[in-house]
Amino acid sequence: MQVRFDGSTMRTYVSTLGFHETRVTRPVLRHDLNEGDVVVLLRPATEADEGRGSDAVAHVEDMVDEIAPGASVVIERVDHSEFETAVLQCSDVLRAAEGELIVNFGGGAREIFLPLTLATVAHAQLVDMALQYTDIEQQVREWRVPNLTADVSERVWPTLATISDHDEEISISDITARSEASKSTVTRHVQELAEAGLVDTQTAGKTKFARATTAGHLLLRQREV
């Protein structure tokens, strides 16, 4: 992890960009920008309206120069002639990022947006945060990238299925009552699932609760197919 002289972690923002720079500048400003940070803008290799795209890039560069003169903007031109090529190029950008990796889905061409989405899900373990500037509310939203490559032992799947059956949190004791495993075994299962990002846990007093994450629900459904 790359750190600055003051001990803080540098950030790499990877973002799509269409013609509206606010879809990039607002998420970046909300989550801070400092010297040494990098803003990587994904742009199509070719586009119909190069002028408007260049204007949007210039606005982002002006914002970065004003807020954090020591930060930098990098333009990555993505070859969108083939979907697979675009996905792999987006993957390379994410893998090369230094420091804390923040992916921003800032609109732009679908030929870039969809490949970046797929690459982000494939590299969920590398992504520290995902952001989106919403079309309807026009607000910056954070969302957790589901780790669909999570690797857990076969024995924990029944425990995850029990947790997933409940829309709300379920206690370790209630999970145990609905399974054939002991409480200590269920506790170990929940710990493994939590480390893989398939459940969230919290403790209230002496009671521990678990709730399936989006990744947990999706992987269970994948096994049912």
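FYI, it's all coordinate maths here, none of it is from the lab. Remember, it's a predicted structure, so these values are computed and weren't measured experimentally. Please note: Cβ atoms are built from the backbone with ideal geometry, for glycine as well, and neighbour counts cover all protein chains shown.
Applying 1/(1 + (r/R0)^6) with R0 = 35 Å to the Cβ-Cβ distance of LEU114 and ALA177, what FRET efficiency is obtained, to the nearest 0.05?
Values: r = 44 Å, r/R0 = 1.25.
Once the sixth-power term is evaluated, E becomes 0.20.
With r defined as the distance between the Cβ atoms of THR185 and GLU142 and R0 fixed at 35 Å, what FRET efficiency is calculated, to the nearest 0.05?
On the way: r = 34 Å, r/R0 = 0.98.
With R0 = 35 Å, the Cβ-Cβ based efficiency is 0.55.
Per Stokes-Einstein, at 10 °C and 1.306 mPa s, what whole-number D in µm² s⁻¹ belongs to the chain, with the Kirkwood radius over Cα pairs as the hydrodynamic radius?
Numbers: Rh = 19.5 Å.
Value of D from the Cα-based Kirkwood radius: 82 µm²/s.
About its Cα centre, what dipole magnitude does the chain give when the only charges are +1 on Lys and Arg Cβ and -1 on Asp and Glu Cβ, stated in debye to the nearest 20?
With Lys and Arg at +1 and Asp and Glu at -1, about 980 debye.
Can you check what the net charge comes to around LEU17, using other residues whose Cβ is under 10 Å from the Cβ of LEU17 (Lys, Arg +1; Asp, Glu -1)?
Values: positive: ARG23, ARG43; negative: GLU21.
Local net charge: +1.
With a ≥ b ≥ c taken as the square roots of the eigenvalues of the C-alpha gyration tensor of the stretch 154-224, please select rounded if a/c is under 1.5 and otherwise prolate if a/b is larger than b/c or oblate if it is not? Kindly include the intermediate steps, with their values, before the conclusion.
Working: a/c = 1.62, a/b = 1.32, b/c = 1.23.
Because a/c hits 1.5 or more and a/b exceeds b/c, the stretch 154-224 counts as prolate.
Select from ALA215, ILE172, GLY107 the residue farthest towards the positive end of the dipole of the chain; place +1 on Cβ of Lys and Arg, -1 on Cβ of Asp and Glu, and compute about the Cα centre.
ILE172
Tell me the GluC sites (Glu not before Pro) within the stretch 75-108 that lie in a loop according to DSSP and have at most 12 other beta-carbon atoms within 10 Å.
Numbers: sites: GLU76, GLU82, GLU84, GLU98, GLU100; in loops: GLU82, GLU98.
Within the stretch 75-108, the qualifying GluC sites (Glu not before Pro) (loop, at most 12 other Cβ atoms within 10 Å) are GLU82.
Report, in debye and to the nearest 20, how large the dipole of the stretch 154-224 comes out about its Cα centre when Lys and Arg carry +1 and Asp and Glu carry -1 on their Cβ. Write down the numbers at each step before the final one.
Details: 9 positive and 11 negative charges, 44 e Å.
Around 220 debye, computed over the stretch 154-224.
I want the local charge near HIS217. Using Cβ-Cβ distances under 15 Å, sum +1 for each Lys or Arg and -1 for each Asp or Glu among the other residues.
Details: positive: ARG144, ARG211, ARG221, ARG223; negative: ASP165, ASP167, GLU168, GLU169, ASP200, GLU224.
Charge balance near HIS217 sits at -2.
Quick check: residue separation of THR9 and ASP128 times 0.36 nm, minus the Cα distance between them. What number comes out in nm?
On the way: separation 119, 0.36 × 119 = 42.84 nm, distance 1.19 nm.
Difference between extended and current length: 41.6 nm.
Which net charge results for the neighbourhood of HIS80, defined as the other residues with beta-carbon distances under 14 angstrom from its beta-carbon, given Lys and Arg at +1 and Asp and Glu at -1? Can you show the working numbers first?
On the way: positive: ARG43, ARG77, ARG110; negative: GLU47, GLU76, ASP79, GLU82, GLU84, GLU111.
In short, -3.
Tell me the relative contact order for the stretch 11-143 as a rounded percent, counting alpha carbon contacts under 8 Å between residues six or more apart. Walk me through the numbers before you get to the answer.
On the way: 242 pairs, mean separation 41.8, N = 133.
In percent, rounded to a whole number, it is 31.
Short version: ³J(HN,Hα) in whole Hz for each residue of the stretch 98-106, in order, from phi by Karplus 6.51 cos²θ - 1.76 cosθ + 1.60 (θ = phi - 60°), x for Gly and Pro, what are they?
10, x, 6, 9, 10, 9, 10, 8, x
Let me check I have the definition right: for the stretch 1-122, take the eigenvalues of the Cα gyration tensor, multiply each by 5, take square roots. What are those semi-axes in whole Å, largest first? If you can, show how the numbers build up before the last one.
Numbers: eigenvalues 108, 63, 22 Å².
The three semi-axes for the stretch 1-122 are 23, 18, 10 Å.
With an 8 Å cut-off on Cα pairs and a minimum separation of 6 or more residues, tell me the relative contact order of the chain in percent.
Values: 390 pairs, mean separation 38.7, N = 225.
Relative contact order, the chain: 17 percent.
Mind putting a number on the dipole of the stretch 99-222 about its Cα centre? Charges go on the C-beta only, +1 for Lys and Arg and -1 for Asp and Glu, and I need it in Debye to the nearest 20. Before the final figure, lay out the partial values.
Working: 11 positive and 17 negative charges, 63 e Å.
Dipole of the stretch 99-222, to the nearest 20 debye: 300 debye.
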